[in-house]
Amino acid sequence: MAINHTYNALLKLRHVQQTYASGQRRFTAVQDVNLTIYEGEFVALLGPSGCGKSTLLRIITGLQRPSKGTVLYREQPVNGVNPHATIVFQSFALFPWLSVFENVDLALKARGIPSNVRAARTTDLIDRVGLNGFETAYPRELSGGMRQKVGFARAMAVEPELLCLDEPFSALDVLSAESLRSELMELWTGGGIPTKAILMVSHNIEEAVFMADRIVVMDKEPGRIVAEVKVGLQHPRQRKSEAFQKVMDRVYSILAGQTEPETIELGVAPGEQGRTRSLPNVTITDLAGLLEQLSELPENRFDIYRLPHELGVNSDHLLSLTEAAEILGFVYVEKGDITLTSLGETFAEASIQARKEIFAARIRRVPLMRWLMTMLNNSENRALNWDIIYDALESEFPEGDAEKQLDILIDWGRHAELISYNDDKALVYLKTPS
Ligand code: ADP
Ligand code: MG
């Protein structure tokens, strides 16, 4: 919680709806959004791409009027651009022909700040974002991280009460993003800026948990708020701490629990009535690669038959990967189009450890894995000989497939840190209590 929390509502959205035209048809981009932002709060807006996050920011700052509903700022209706709110975009909107100094100075000039005090203010702002020495540099001479710092300095020149950030770190390399996050948190928690509240759009769970006091989770089709999570951890936050991971897990489980169509037939466990679905022969590293590549494509839906060409992979291998992704709920395939689910998108963005956790949660649902884990759990020392599992699987799969299936189970299970395998003794162990 930031130090200056006073529980005064700064901004209220009431029953906000936004429809857009797409060709002949209108669709609801944002449906019935109710949200209050209080003074002293850092709120993160999290959700898959296309769920209407940027739309909401434009509505909040008054750049756009919603189709329905009301926007109140300090209880007053917002008509036209809200002078108390500013957006920082991900795409460093700087004037390329102006120097760093001139870019920041211009923002002060636009506010009618007299020229005799502007120079000192501009220099101070540039200092505060850590760019002193670069006053005379031009945007093209700066790294992405430095350009984004100029963007922050410009936004702060406006001294907005409500600072809105639209995925401010997503276009930066990992290191610049990380240092800029820390600098922003220092300014915010140290009271180094007059800003009363921050609203940051993100599709990165870890980033949201690292920075925000409250996370508002959205889903798409139609874009809407599905949950809110209070973070309640002291700054600076330790990503590896148990409390931090707990909050991450909660947010994951909300995203994972979002109602994606369950079209996929998972089959039954061995020994049960019905067919046991075999697992596609892919490694989790390749699967992660596919999800990453899908998340970088410009479209949400992608024609599956164009993928081999687009991604440069063999089409048989791609079909296996797609099947694995579908079984685990990372993608949704319909009418020849593949779409990343919210979970798939989250996975693609997540850190290695977080990926393991998501993956583990998902493969526990797969009947074959559930069966193996139950067998191990009921065995002495929670371990079984490879041969015994193999024998049990032989009756389930065609000749030669049982061995492959067991290999895949062990490979996936090890990756998720659910089971381990001792090569010398040919023993499969259960790692975590289930
Ligand atoms: P997000 O920022 O969460 O990715 P956006 O607010 O950009 O989502 O978009 C929400 C949905 O509305 C998307 O389907 C997008 O294509 C659509 N959309 C956004 N702006 C417009 C617009 N000006 N006209 C038509 N459709 C739009
Ligand atoms: Mg957006």
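List of remarks:
- Ellipticity at 222 nm from helices only: DSSP H runs of n ≥ 4 in the chain, each -39500 (n - 2.57), divided by the residue count, give -12000 deg cm²/dmol.
- Listed residues Ser342, Val282, Pro308: farthest to the positive end of the dipole of the range 280-360 (Cβ charges): Val282
- Fully extending the segment from Leu175 to Arg275 would add 31.2 nm, taking 0.36 nm per residue of separation and subtracting the current Cα-Cα distance.
- Beta-bridge orientation, the chain: approximately 65 percent antiparallel, per DSSP, counting only bridges with both partners inside.
- The chain, accessible surface, carbon-and-sulfur percent (1.4 angstrom probe): 49 percent
- For the chain, size of Cβ-based charge dipole, Lys and Arg +1, Asp and Glu -1, in debye: 2180 debye
- Once both labels are positioned 7 Å from their Cα atoms along Cα-to-Cβ, the gap between Lys68 and Ser22 label points is 1.9 nm.
- Cβ-based charge dipole, the range 85-196, positive-most Cα from Ala177, Ala110, Pro160: Ala110
- Shape category assigned to the range 48-117 from the gyration tensor of Cα positions, a/c cut at 1.5: oblate
- Diffusion coefficient (Stokes-Einstein, Kirkwood radius over C-alpha pairs, 37 °C, 0.692 mPa s) for the range 206-349: 192 µm²/s, rounded to a whole number.
- Signed unit charges on C-beta, dipole axis of the chain, positive-most listed residue Phe134, Ala44, Gly69: Gly69
- Pair Arg364, Asp124: separation of 7 Å Cα→Cβ label points (nm): 5.3 nm
- Helix 367-377 and the longest principal axis of the C-alpha atoms of the chain enclose an angle of approximately 70°.
- Bridging of Lys53 to lysines at a Cα separation below 18 Å is possible for Lys12, Lys68, Lys220, once same-chain residues fewer than 8 apart are set aside.
- Rounded FRET efficiency, nearest 0.05, which uses the C-beta distance separating Thr285 from Ile388 and R0 of 45 Å: 0.95
- Folded to 0 to 90 degrees: helix 174-189 orientation relative to the chain principal axis, Cα: 50 degrees
- With the cut-off at under 18 Å, measuring from each backbone N in the range 148-166 to a point 7 Å along the Cα-to-Cβ line of Ala137 picks out 148-155.
- Think of a 1.4 Å ball rolled over the protein heavy atoms: the chain then has 47 Å² of accessible area per residue.
- A 1.4 Å probe over all protein chains sorts Asp424, Asp316 by accessible area into Asp424, Asp316, starting with the largest.
- Measuring gaps between exposed loop sites in the chain (chymotrypsin sites (Phe, Trp or Tyr not before Pro); DSSP loop; at most 15 other Cβ atoms within 10 Å), the longest gap, sites not included, is 98-434.
- Spin-label pair Glu380/Lys431, simplified geometry with 7 Å Cα→Cβ offset, distance in nm: 2.6 nm
The values are calculated or read from the model by the stated rules, or taken from the named source; none is laboratory data. Fair warning: this is a prediction, and the values are worked out from it, not measured in the lab. A quick note on method: Cβ atoms are made from the backbone with ideal geometry, for glycine too, and the neighbour counts reach across all protein chains shown. For the accessible areas, the whole protein counts, side chains as well, though only heavy atoms, and no ligand, DNA or RNA atoms are used. Shrake-Rupley method; radii C 1.70, N 1.55, O 1.52, S 1.80 Å.
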